[in-house]
1. Using unit Cβ charges (K, R positive; D, E negative) and no other charged atoms, how large, in debye to the nearest 20, is the dipole of the chain about its Cα centre?
2. Hey, rough spin-label estimate for Ile273 and Ala100, points 7 angstrom out along Cα→Cβ, what's it come to in nanometres?
3. When the gyration tensor of the chain is built from Cα positions, what are the square roots of 5 times its three eigenvalues, in whole Å, from largest to smallest?
4. Multiply the residue gap between Glu187 and Met3 by 0.36 nm, knock off their C-alpha separation, and tell me the result in nm, one decimal place.
5. In this model, which of Lys73/Lys179; Lys73/Lys213; Lys54/Lys155 are farther than 32 Å apart at the alpha-carbon?
6. Mind checking which of Val79, Val93, Ser126 is farthest towards the positive end of the range 65-167's charge dipole, using Cβ charges of +1 (Lys, Arg) and -1 (Asp, Glu) about the Cα centre?
7. About the Cα centre of the range 56-134, how large is the charge dipole given +1 on each Lys and Arg Cβ and -1 on each Asp and Glu Cβ? Please answer in debye to the nearest 20.
8. Grab the DSSP H runs of the chain that are 4 residues or longer, score each as -39,500 (n - 2.57), total them, divide by all residues and round the 222 nm result to the nearest 500 deg cm²/dmol.
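The values are calculated or read from the model by the stated rules, or taken from the named source; none is laboratory data. Please read all numbers here as calculations on a predicted model, not as lab measurements. Reconstructed Cβ throughout: ideal geometry from the backbone, glycine too, with neighbour counts over all protein chains shown. SASA here: full protein model, heavy atoms, side chains in, ligands and nucleic acids out. Shrake-Rupley method; radii C 1.70, N 1.55, O 1.52, S 1.80 Å.
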Amino acid sequence: YGMQQHLEEILGADFMAKTTSSEPLVVGYRCRKLPEELEAMRRGVLLTQEILDKALTSEVIRPGRTREIDLAKFMEAAVREGGGEPAFTMVMVGPCRGHADASERIIEPGDLLRIDFGLFLDGYSSDIQRTAYIRKPGEDHPPESVMRLFDATLKANRAGIEALRPGSRGRDVDAAARKGITDAGYEEYPHATGHPIGIETHELGPILGPTWKERYGTSVEHVIEPGMVFAVEPAAYVDLPEVGGVVQVGLEEDVEVTEDGPRIIGAPQDEMILI
């Protein structure tokens, strides 16, 4: 910014009035991925999903014995075995703790287990969330309140993904997903719906967020283009005492934007995982 001020001082107001910001050019250059980059990102996302599929089973999670940190260590070891490096591993039962590390807390029957997990493979990142319910003895399904929250989150997630099309802007995607949450009767979430991913977990590019200028500036106005990849993660934060207090359903998919529209990479979560 200081260099910009210096340039304005040297060239004068008349010349600067004829200039155009290069920000859209830079954003497109950084955020659009080459075919080789997209292939590398797909490999990373598929490895992430493979590890989550293995982790969210009764073979790995023993209710009453397995701690959050045990599950996180299992996943991180699997990342290294797969040739990657962990980026972040957030495992949580009980009340929301924001972006917190896995704790010593034991995973118990009746818990709503949320995982936010990403890795780096071949220089590119992934970012996925999954939610599972730990059944109590004799219980076939989660409480109705939990399933209602899951269904609303799933609907909002898919609405946001459907809006992720070339020519749309970040704010358009956010509006579509946010409406899914508020239409279900929940309060809107206090953050963006999603963000680009690439060589950084939060890549430079269009933020899938609301027009909160004090927080997101003009980043929500950037145009979405083919070759961009986004993590889409709308959520509702609801007080459900039956599963520990204020919780959310962690449901986040990595989505590639093509000329024809959005394409979810790998297999998305469509149903509550039961353990």
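1. Details: 29 positive and 48 negative charges, 45 e Å.
The calculated dipole for the chain is roughly 220 debye.
2. Roughly 2.1 nm, to one decimal.
3. On the way: eigenvalues 270, 89, 56 Å².
Equivalent ellipsoid of the chain: 37, 21, 17 Å, largest first.
4. Numbers: separation 184, 0.36 × 184 = 66.24 nm, distance 4.26 nm.
Full extension of this stretch gives 62.0 nm more.
5. Numbers: Lys73/Lys179 37 Å; Lys73/Lys213 39 Å; Lys54/Lys155 25 Å.
From Lys73/Lys179; Lys73/Lys213; Lys54/Lys155, over 32 Å: Lys73/Lys179; Lys73/Lys213.
6. Val93
7. Details: 9 positive and 13 negative charges, 53 e Å.
With Lys and Arg at +1 and Asp and Glu at -1, about 260 debye.
8. Details: 8 runs with 95 residues, N = 275.
Calculated mean residue ellipticity at 222 nm is -10500 deg cm²/dmol.
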